[in-house]
Amino acid sequence: MRISVKHKLTIFIIFLLLINLVIISILTMNGIRTNQIKEYERYLKESSKTANLYIRERYLASDIEDFETFYIKQAYDLTIEIERVLGIHTIIFDNQGRQIGNEVFKELKNEYEDIITKALDNKIVYKKIVDKIIYAAPVYDFNGQIGVMQLEYNLYLQKSFNEDTWKLFVKFGLISIIVTFIIGRVFFINIVNRIKRLKKSVKLIEEGQYDISSILIKSKDEFGELSTGIQAMSSQIQQNIKQLSDEKAKLQLALEHVQKLEKKQKEFIGNITHEFKTPITVIKAQIDLMNLYKDDNNLVDKSNIIVNNELKRLNQMVEKVLHLSSLEKYDFELEKHKIDTHVLLKEIIDKLKGKASKYGIEFYYQLEPCQVYMDRESFMMIFINLMDNAIKYNVSNGKIKVTSNVKKGVNRIEIADTGIGIPDEHKKRVFEPFYTVDKNKSKKLSGTGLGLSLVKKMLEKQNATICILDSERGTVFQVNIPLSKKEKNM
């Protein structure tokens, strides 16, 4: 059977109270009895003196010359008068220990003999018998002891007083127990409730709930200190768990990043191996043809042209791979300056107009004056690449529209063509190294699949972004370059 703490504490306090009440009651009653005995002694001693004085006064007032004769003859009257004066039952004895003062003399009861005998030896003697005190004192004349007086003091009132006192202690004890039980129960319920709140706070922490401010005990005692300590511990645990979670998240991100890098590395190696293998295979095949048909000048010339084209393509791939690798490793190669984007865009358009005109493609542009903080050579390479792609993957007699404006703190540049376009499923991957939408067309146009990847890397190095917009026809690339601080404030 489980007994709660509040019941245990209440029972313990009541038990202590009972012990205290019993000890106090016993000590008090013993003190009362001791004091009563002393008071009885004093009172009976004074009464015996008063009785002796009364006997002497009566003797002096009488006509009898011998004191002892007077004492024996007047014993009856003296007994009655002493009882009347003192209010105590009195018996007097002669110096032989015989009871006098009654018509019929009786022998003293055995239980009084020892008291009277000692009193005859000129001593005061008393003894408690049941509910009365037998007090024996010498009776003196003017020369010495002539007898003994016995005073019987009834203890009925004292006994009643003691019983009432005991009853009072019992009542007081019961009331104290009831009051103590009520007050103690309220007090211990409060303590137990505090303990339950502490237990609940520990349980919440165990369940992973660390916000325990709602059950915090705000008191300037050990419970308050313990509650504050538990809350501090909870906050520290929460902080440690958060730190561990953050570290775990960082490790997870790092692991994912490493896995992505490994995947990209494998893809990159696979792609570069495949892309490099193709021109090498073509070159080897053409060299074999030239060795087989040395006398066929036309075939040799055609093979030479093919080999040179493949070598150029291979050289372009090597340069772009090296450039892409350097962009991923180094930042110091960039030399950022304030550049006028509208001026450089116009310059690039003028350079590529000749190539575009071969395919009947026309440039249209709308350029707002704007300055950005960027590496000039990177800017030129980025937009030459984008506009060159717009020419390569356009249709005959197509159009290319270049727009540049300022919106929301960025220089927004868009290059739109009327070409074959990029399917939605390929838009997210066109910026990956060696990725091409149409392999055959890319090879035909000497594409390496590295141009857009280089463009994106160069833009990211300069806090710029690139994306492909949805378009009903052709492809639209949008580049957003942050303005210089001075331009933003204008």
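The values are calculated or read from the model by the stated rules, or taken from the named source; none is laboratory data. What you are looking at is a predicted structure, and each value in this text was computed from that prediction instead of being measured. Cβ coordinates were reconstructed from backbone atoms using ideal geometry, including for glycine residues, and neighbour counts include every protein chain displayed.
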query = What do you reckon, is residue 13 at pLDDT below 85, of a type outside the set (Ser, Thr, Tyr) and touching a Ser or Thr at 6+ places or on another chain (Cβ under 8 Å)?
reply = yes
ask   = Looking only at the stretch 366-382, which residues are surrounded by 18 or more Cβ atoms within 10 Å (Cβ to Cβ), outside any strand (DSSP E or B) and either of a type in the set (Ser, Thr, Tyr) or free of Cβ contacts under 8 Å to residues at least 60 places away in the same chain (or both)?
value = 378, 379
Residue that is aromatic (Phe, Trp, Tyr) and within 23 Å of residue 118 (Cβ to Cβ), where the choices are 93, 70 = 93
inquiry  = Of the residues 404, 396, only one is crowded, with 20+ Cβ neighbours inside 10 Å and among the polar types (S, T, N, Q); which?
reply    = 404
inquiry  = Need pairs with beta-carbon distance below 8 Å; first residue not assigned by TED's automatic domain parsing to the domain that holds residue 59 and surrounded by fewer than 18 Cβ atoms within 10 Å (Cβ to Cβ) and within the stretch 136-153, second at pLDDT 90 or above and not β-branched (Val, Ile, Thr); sequence gap 6+ or separate chains.
reply    = none
note = (1) at pLDDT 85 or above; (2) surrounded by 14 or more Cβ atoms within 10 Å (Cβ to Cβ); (3) over 30 Å from residue 146 (Cα atoms) all hold for residue 18 apart from (1)
request  = Consider residue 345 carefully, then state whether it is in contact with a His (Cβ under 9 Å, 6 or more places away or on another chain) and either buried (at least 18 other Cβ atoms within 10 Å of the Cβ) or assigned by TED's automatic domain parsing to the domain that holds residue 478 (or both).
outcome  = no
inquiry  = Filter the stretch 116-142 down to the residues that are of a type in the set (Phe, Trp, Tyr) and not in a strand (DSSP E or B) and list them by number.
reply    = 142
remark   = The residue from 219, 245, 214 that alone is more than 30 Å from residue 36 (Cβ to Cβ), at pLDDT 80 or above, loosely packed, with under 15 Cβ neighbours inside 10 Å and hydroxyl-bearing (Ser, Thr, Tyr) is 245
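For every residue, the table says whether it meets (1) at pLDDT 85 or above; (2) of a type outside the set (S, T, N, Q).
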| position | (1), (2) |
| --- | --- |
| 94 | yes, yes |
| 103 | no, yes |
| 106 | no, yes |
| 120 | yes, yes |
| 155 | no, yes |
| 162 | no, no |
| 169 | no, yes |
| 172 | no, yes |
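One line per residue, one yes/no per condition, for (1) modelled with pLDDT under 90; (2) in contact with a Cys (Cβ under 7 Å, 6 or more places away or on another chain); (3) not assigned by TED's automatic domain parsing to the domain that holds residue 403:
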residue	(1), (2), (3)
306	yes, no, yes
313	yes, no, yes
327	yes, no, yes
337	yes, no, no
341	no, yes, no
351	yes, no, no
361	no, no, no
372	no, no, no
389	yes, no, no
ask   = If you go through the stretch 43-91, how many residues are more than 18 Å from residue 142 (Cα to Cα) and not in a helix (DSSP H, G or I)?
value = 5
query = Do the conditions hold for residue 25, that is, is it in a helix (DSSP H, G or I), in contact with a helix residue (DSSP H, G or I) (Cβ under 7 Å, 6 or more places away or on another chain) and among the small types (Gly, Ala, Ser)?
reply = yes
request  = Just give me the residues in the stretch 136-168 being of a type in the set (D, E, K, R), over 22 Å from residue 113 (Cβ atoms) and in contact with a Lys or Arg (Cβ under 9 Å, 6 or more places away or on another chain), in sequence order.
outcome  = 141
ask   = Does residue 146 qualify as being closer than 17 Å to residue 37 by Cα and either assigned to a strand (DSSP E or B) or in contact with a helix residue (DSSP H, G or I) (Cβ under 6 Å, 6 or more places away or on another chain) (or both)?
value = no
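Results for (1) of a type in the set (D, E, K, R); (2) at pLDDT 80 or above; (3) within 52 Å of the chain's Cα centre (by Cα), shown as yes or no for each residue.
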residue	(1), (2), (3)
446	no, no, no
451	no, no, no
460	yes, yes, yes
466	no, yes, yes
470	yes, yes, no
481	no, yes, yes
query = Could we say that residue 441 is surrounded by 13 or more Cβ atoms within 10 Å (Cβ to Cβ), modelled with pLDDT of 85 or more and out of contact with any helix residue (DSSP H, G or I) (no Cβ under 8 Å at 6 or more places or on another chain) here?
reply = no
